[in-house]
């Protein structure tokens, strides 16, 4: 059993401590946003925020989340109350297949939390752990800049 | 279908009943039933736009049925940039026909002449604004139980409300909110998780396995998999079983470091075919060229590993899959499972972006084999990253040898190319022999046949785009199809066009230089077709080609083609910077995909295809030793990352009166070609081997 705060709510997930946080979130956590891509910290599809810091859920033991705060893409916003990044990604139509977006959105949220006005290089650098095979990179960069402007306004 | 039936547009011809495409219910929902599936390219949005326009209903009324065998029209495979041509055309015609039938019936019943009835959001209104009927009020009337009439007339261009506008994608909201939309997210009650224990190398034979006590293991010949209640238990169990297997391995792969030599030898014992030959009386050439180009095997490298869910109910199996063709998968799965076709039902669910025949079909069969051991229980099988990069079909390694000739005034006189490659098509459901990965590994195996190479008339495979689209009096294209297939290969975005467009455009540049002409002018004077010229001139204007200024270490290059010489046009100008390796910094793309239903969606496709091309051009190569593929991680099979992705500008030439032409594959070949030519502009070297690494460039420089 591992207890932590998941998207603002206290949870206790019934998983062995050594199991990855990704398995815990997609299994008993019931989430679908964090995705499996490689299991070796090379693609970023599993990215979540642990105490606000982007972390690879595929390789992080669930026990490492104990007592901490975990945010996934589901915790950023909802269709009724989207995070400015989610609204911006829709406005820019920043995606094709969308498999990479859950991870990219949380990394972008972490970036904007520390750097509210990132330039293109800062965005590219923050998103470099993430792969996108469809070639939506430029739209994604524009969407992050759009969200930054919205949040500053 | 009898021979006397009239031909109907697109996929409607083979799926003629309107009820195969549409259903109305009394609550005001329109169900559109496409046979083409969403593989990341936005097809569902475009089809919804077309249907809403032709039926005169709001887009939000349209629900999309999951493509399922036995329920959906059989539109074959979602591939080859034909979704709009086949599916879009069919939906437009079917919806126009449906509107016409309802209009006629409502007119007859109400006595109001058809031309005085308006249709607003599915309601048929008389001249006084009074509702005379609707799609929903007549939902039970069976009006769709008929063949589409051939004479249905889609709306004139000016009457389209949604086609031609950048409607937001219908699938994207789920994806930015992390909703359960992918087959990977399917959770059925009581579902078990499976992982395979893959052979350590190609052709390995399982001699012995000591099973851990109590472990749920499924074995069928050399195919081995484990089942557990959770993903983590399945992963752990697979690792334990793998450690207890004894495999007999053999060398089965060619020498990766001498791939072109092997291609040459295997090509000589392959199947030769003259694809096209034409000759004209021309002056003696002033210059002749002889060039040899090579490319490695290339992986799909889908971001999400292949996944499927299967469940047996008695003697039948249900499969949920991100396949490109539910009927094709059903056919091969039924053959391997030795079931009648109707005992296999395949439902499509989305997977990660798909750029051709990847592991989707393979994992689906494997899930079905595993699930057979636990009747009534759903089984979810997910491949690992290593399986995705190491076992999904590849795009074949290729060798292209060209002899070209030029007249004294620089004009192109002759082109003779020989293309050596495996065939580029090995899809399921196309042959009586199944092509799925483990079909040859199970206890009662099926033989492995070398991949097929479609003829030019249907777009071609290795020879796709091998015919230069420039004015050319003498032309011979010969293919040598390999009859051995050490690595399983099939179709990847662009097929042979990636290689052929590059070779043609490389030589065009070289000949322009020899003639002392600008590469743009040289191409334009060999192009008669107005649409070809238009995309080239547009790209040149976007990039300010004529005003370009040479910078040390930087270069610009052009690549242009019409996909399959019959589909969409793409002209790309690339700018590269040569540092410790070559980086592509900018791409300017001009395209022509005929009538554009969703301008933003089409631009997204052209941009994505070009970035995919840049990744292939600069980084991608499947590597192997004599037994196993060694490029089975993102570290050993790198693709372009955010820090090195070029900025891209796309402009489309819209031709609303012309046919739809698929957009997904038109920019990739030209992008690779443009980068190659930009490398020459930067470094004075024309690369002859993909990817354009420092080693490949040094090799070309050394001649």
At 4 °C and 1.567 mPa s, grab the translational diffusion coefficient of the protein assembly as shown from Stokes-Einstein with a Kirkwood Rh over Cα pairs, rounded to a whole number in µm² per second. 46 µm²/s
Please give the peptides B:690-703, B:6-19, B:568-581 ranked by average Cβ packing (other Cβ atoms within 10 Å per residue), highest first, as a rough proxy for protection. B:568-581, B:6-19, B:690-703
Rounded FRET efficiency, nearest 0.05, which uses the C-beta distance separating residue B:635 from residue B:258 and R0 of 30 Å: 0.80
For chain B, what relative contact order do you get, as a whole percent, if you take Cα pairs closer than 8 Å and at least 6 residues apart? 14 percent
Quick check on the exposure proxy: order B:177, B:446 from fewest to most C-beta atoms within 10 angstrom. B:446, B:177
Averaged over A:135-147, number of beta-carbon atoms from partner chains that fall within 10 Å: 5
With the Cα gyration tensor of chain A in hand, convert its eigenvalues to equivalent ellipsoid semi-axes via √(5λ) and list them largest first in whole Å. 26, 16, 13
Length gained, residue B:625-residue B:654, 0.36 nm per residue minus C-alpha separation, equals 5.6 nm
Sorted by average packing, counted as other Cβ atoms within 10 angstrom per residue and highest first, what order do B:364-372, B:668-676, B:28-36 take? B:668-676, B:364-372, B:28-36
Region A:84-152 - convex hull of the alpha-carbon atoms, volume per residue in Å³: 69 Å³
For residue B:643 and residue B:116, compute 0.36 nm times the residue count separating them, minus their Cα-Cα distance, and round to one decimal in nm. 183.8 nm
Quick P(r) readout (region B:10-167; Cα-Cα; 10 Å bins; whole %) gives 11, 43, 35, 10, 1
Note the full-extension length gain between residue B:208 and residue B:282 as 0.36 nm times their separation in residues minus their Cα-Cα distance, in nm to one decimal. 19.9 nm
Over the protein assembly as shown, the sum of -39500 (n - 2.57) across DSSP H runs of at least four, divided by residue number and rounded to 500 deg cm²/dmol, gives at 222 nm -8500 deg cm²/dmol
Using 12 Å as the cut-off for backbone N distance, which residues of region B:632-656 belong to the label zone defined by a point 7 Å from the Cα of residue A:125 along Cα→Cβ? none
Of all DSSP beta bridges having both residues in chain B, the percent classed as antiparallel (nearest 5) is 75 percent
The protein assembly as shown - share of DSSP beta bridges that are antiparallel (%, nearest 5): 75 percent
Where the centre of each part is set by its Cα atoms, how far does region B:122-159 sit from region B:83-108, in angstrom? 9 Å
Separation of the residue A:150 and residue B:585 label points, Cα + 7 Å toward Cβ, nm: 3.2 nm
Between residue B:554 and residue B:485, the FRET efficiency computed from the C-beta separation at R0 = 41 Å comes out, to the nearest 0.05, as 0.50
Averaged over A:17-23, number of beta-carbon atoms from partner chains that fall within 10 Å: 3
For a label point 7 Å along the Cα-to-beta-carbon line of residue B:31, residues of region B:55-93 with backbone N under 16 Å: B:61-74
If R0 is 41 Å, what FRET efficiency do you get for residue B:158 and residue A:81 from their C-beta distance, rounded to 0.05? 0.55
Quote the relative contact order of region B:10-167 in percent (integer), defining contacts as alpha-carbon pairs under 8 Å separated by 6+ residues. 33 percent
Could you let me know the centre-to-centre spacing of region A:121-153 and region B:414-480, using Cα atoms, in angstrom? 39 Å
Give, as ranges by residue number, the residues of region B:453-474 whose backbone N falls under 18 Å from the point 7 Å along Cα→Cβ of residue B:524. B:470-471
What are the principal axis extents of the Cα atoms in region A:2-72, in Å, biggest first? 29, 24, 20
Distance (nanometres) between label positions extended 7 Å along Cα→Cβ at residue A:66 and residue B:165: 5.6 nm
Relative contact order (%) - criterion: Cα under 8 Å, at least six apart; region: region A:84-152: 52 percent
Modelled label-to-label distance, residue B:17 and residue B:449, 7 Å Cα→beta-carbon offset: nm? 3.1 nm
Averaged over the residues of B:641-649, the number of partner chain Cβ atoms within 10 Å of each residue's own Cβ comes to 6
How would you order A:140-146, B:164-170 from highest to lowest mean count of nearby Cβ atoms within 10 Å? A:140-146, B:164-170
Rounded to the nearest Å, what's the spacing between the alpha carbon centres of region B:375-400 and region B:551-598? Just the number, please. 30 Å
Using only the alpha-carbon atoms of region B:129-253, report the extent along each of the three principal axes, biggest first, to the nearest angstrom. 78, 38, 33
For chain B, what is the convex hull (Cα atoms) projected area averaged across all directions, in square nanometres? 33.2 nm²
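The numbers here are math on the coordinates, done by the rules we state, and not lab data. These figures come from a predicted structure and were not determined experimentally. Here Cβ is always computed from backbone atoms with ideal geometry, including for glycine, and neighbour counts include all displayed protein chains.
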